[in-house]
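The values are calculated or read from the model by the stated rules, or taken from the named source; none is laboratory data. As the structure is a prediction and not an experimental result, all values here were calculated from the model. Every residue, glycine as well, gets a Cβ built from its backbone with ideal geometry; the counts of neighbours run over all protein chains shown. Remember, those area values only see protein heavy atoms, side chains included, never the ligands or the DNA or RNA. Shrake-Rupley method; radii C 1.70, N 1.55, O 1.52, S 1.80 Å.
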Amino acid sequence: MQFIPVLVLMVLFFVMMFGIGFILNMLMKTTWFPSYLFVIVILPIVVYSLWDQTVPLTSHLGSFQIVDYLTGVAGLAGAVISGWAIRKLRLGGYKMF
């Protein structure tokens, strides 16, 4: 495992989920929706699309590498921090958010 590509991938997923979450928060006037969307919809779709149906789910989840988990955690962190940023902006008086 090379460190630089993994770091770039983590930053990319963090920024992507932060941006998507920030835009969704502004449009839908919700705070934590992108975090729930990431955990409830996006992660299961990715896991199911990569899953070979002949292998049990526990073996399939064990076959992921640390890079896959780090990328997922970075994306989830971006979604959560986008909700936190919108909340702080709203508390700061920015009503457009």
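P(r) tail, the chain: Cα-Cα pairs separated by more than 24 Å, 33% of all pairs.
Where does the chain land at 222 nm, in deg cm²/dmol rounded to the nearest 500, when only DSSP H runs of n ≥ 4 count, each adding -39500 (n - 2.57), divided by all residues? Provide the component values of the computation, followed by the final result.
Details: 5 runs with 71 residues, N = 97.
Mean residue ellipticity at 222 nm (helix-derived): -23500 deg cm²/dmol.
Between Y69 and L7, the modelled label-to-label distance comes to 2.2 nm, taking each label 7 Å out from Cα in the direction of the beta carbon.
If we sort 14-24, 82-92 on the protection proxy, mean other Cβ atoms within 10 Å, highest first, what's the order?
On the way: 14-24: 18.2, 82-92: 15.5.
Ranking the peptides 14-24, 82-92 by packing returns 14-24, 82-92.
Probe radius 1.4 Å, ligands and nucleic acids ignored: give me the carbon and sulfur share of the accessible area of the chain as a rounded percent. Roughly 78 percent of what the probe reaches on the chain is carbon or sulfur.
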